[in-house]
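Structure record follows, encoded as structure tokens.
None of the figures in this text is laboratory data; all of them are computed from the coordinates on show. Quantities reported herein were computed from a predicted structural model and do not represent experimental measurements. Heads up, the Cβs are rebuilt from the backbone with ideal geometry, glycines too, and the neighbour counts pull from every protein chain shown.
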Amino acid sequence: MKNQNQSMNLVLINRYELEDIFEKVLMKIIDINKLERPSKVDSDQLLSTKEAMKHLNVSYHTLSILRSKGKLTTVKFGGRVLYRYADIKNVIENPY
């Protein structure tokens, strides 16, 4: 806990600045977490949410942000949300 002689600075930012900061941090996380991916995955293959999270090494929340930002497209099949491996590979290779 800070004593009485120390002060805390408060910085106000708007929603768009926060989204920009968050996107930059997200892309850095993806860049840092680049791992070798299986080479035998067909680029037309569809991956489950768990598989997509594993390939990108991200959480469900981060995956949904990538989807809402248009970085990933989904295919709905039988009530399941699936991701194209080609899109996953593109995010890995071109995170920005």
Using modelled backbone amide H atoms (1.01 Å from N, in-plane), which distant-in-sequence or interchain residues come within less than 5 Å of L47's amide H? Y83, R84, Y85
Net charge, V75 excluded, C-beta distance under 12 Å - Lys, Arg +1, Asp, Glu -1: +2
Once the convex hull of the alpha carbons of the stretch 45-96 is built, what does its volume come to per residue, in cubic angstrom? 70
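How do R84, R15 line up, fewest other C-beta atoms within 10 Å first?
Numbers: R84 18, R15 7.
Listed from fewest to most nearby Cβ atoms, that is R15, R84.
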